[in-house]
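In what follows, a structure is listed as structure tokens, so that the remarks can point back to it.
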Amino acid sequence: MPGLLLGDVFPDYEVETTNGKIKLHEFLGDSWGILFSHPRDYTPVCTTELGRAARLSSEFSKRDVKMIGLSIDSLEDHHGWIKDILAYNCEESASCSLPFPIIADSKRELAVALGMLDPDEKDKDGLPLTARCVFIIGPDKKLKLSLLYPATTGRNFDEILRVVDSLQLTAGKRLATPADWRPGDCVMVPPSMSEEEAASLFPAGVYSKDLPSGKKYLRYTPQQKAVRDSIDIQHSLMD
Ligand code: BEZ
């Protein structure tokens, strides 16, 4: 089965991109990374997605996340289409550049190996296009999150930023973030943690919701200042 599982090391491909040849691990350095694919250049949903990703690029940089796009189109197509994406984003597009490279995976090498192909969307020769895939890679080069959307559904890049905040907050810590969590909201205590341990690790207090089962597993704690500060410090270092 092609594809990547959470925790797998992201392969260190050498790829052709709009910014020249890139070795993925060298490109990522010690940063986080996001690799996102799209089905085809010069298509409407893809243009809105890459436009939105470009507008949010300073937010990704603040979080020390390197961005890189991918489709099975050629470098020539990418360069031509980038002008359209920039014009979609701003009137003064002649003076702008796309703030991230796009991989030209014309031979579908990464698309096949990483399980990015969408069997329902084909080019004029009947070959499958890339789906809307997102891989978030940690500084240890391991896969932390993946998303796979079909061509007909554009992604929400604000949600992708939100999951980066959750991933960075919870990395290496015994914490979890609930549905629709936003930075600053309460976080959740994992079920494996005893009450005594939770009380000592979360001095701001642990609140559990009473449930019909009587089981005390829905436990919240305020996002601790220490945790919040570590995010703020990471962000201010990048400003
Ligand atoms: C689009 O980006 O609009 C798109 C691309 C491929 C199939 C369907 C929609």
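Tell me whether region 25-38 contains one or more residues that are at pLDDT below 95 and assigned to a loop (DSSP other than H, G, I, E, B). Checked region 25-38: no residue is at pLDDT below 95 and assigned to a loop (DSSP other than H, G, I, E, B).
Would you be able to tell me the number of residues in region 89-124 that are in a loop (DSSP other than H, G, I, E, B) and not polar (S, T, N, Q)? If you could, list the steps in order and put the result at the bottom.
The initial filter retains those residues of region 89-124 that are in a loop (DSSP other than H, G, I, E, B), namely 90-92, 96-101, 105-108, 114-116, 123-124.
Those still in the list that are not polar (S, T, N, Q) too: 90-92, 96, 98-101, 105, 107-108, 114-116, 123-124.
Residues in region 89-124 being in a loop (DSSP other than H, G, I, E, B) and not polar (S, T, N, Q): 16 in total.
If only residues of region 4-51 that are within 13 Å of the ligand (Cβ to nearest atom) and of a type in the set (A, V, I, L, M) are counted, the one that is surrounded by the most Cβ atoms within 10 Å (Cβ to Cβ) is 50. Applying the criterion of being outside any strand (DSSP E or B) and closer than 18 Å to residue 104 by Cβ to the residues of region 125-145, the residue that is nearest to the ligand (Cβ to nearest atom) is 131.
The single residue among 148, 86, 169 that is outside any loop (DSSP other than H, G, I, E, B), in contact (Cβ under 8 Å) with a residue 12 or more places away in the chain and in contact with a Lys or Arg (Cβ under 8 Å, 6 or more places away or on another chain) turns out to be 148. Note on region 39-83: residues that are in a strand (DSSP E or B) and free of Cβ contacts under 8 Å to residues at least 40 places away in the same chain amount to 3.
The values are calculated or read from the model by the stated rules, or taken from the named source; none is laboratory data. Computed from a predicted model, the values in this text were never measured in an experiment. Every residue, glycine among them, receives a Cβ derived from its backbone with ideal geometry; neighbour counts consider all protein chains shown.
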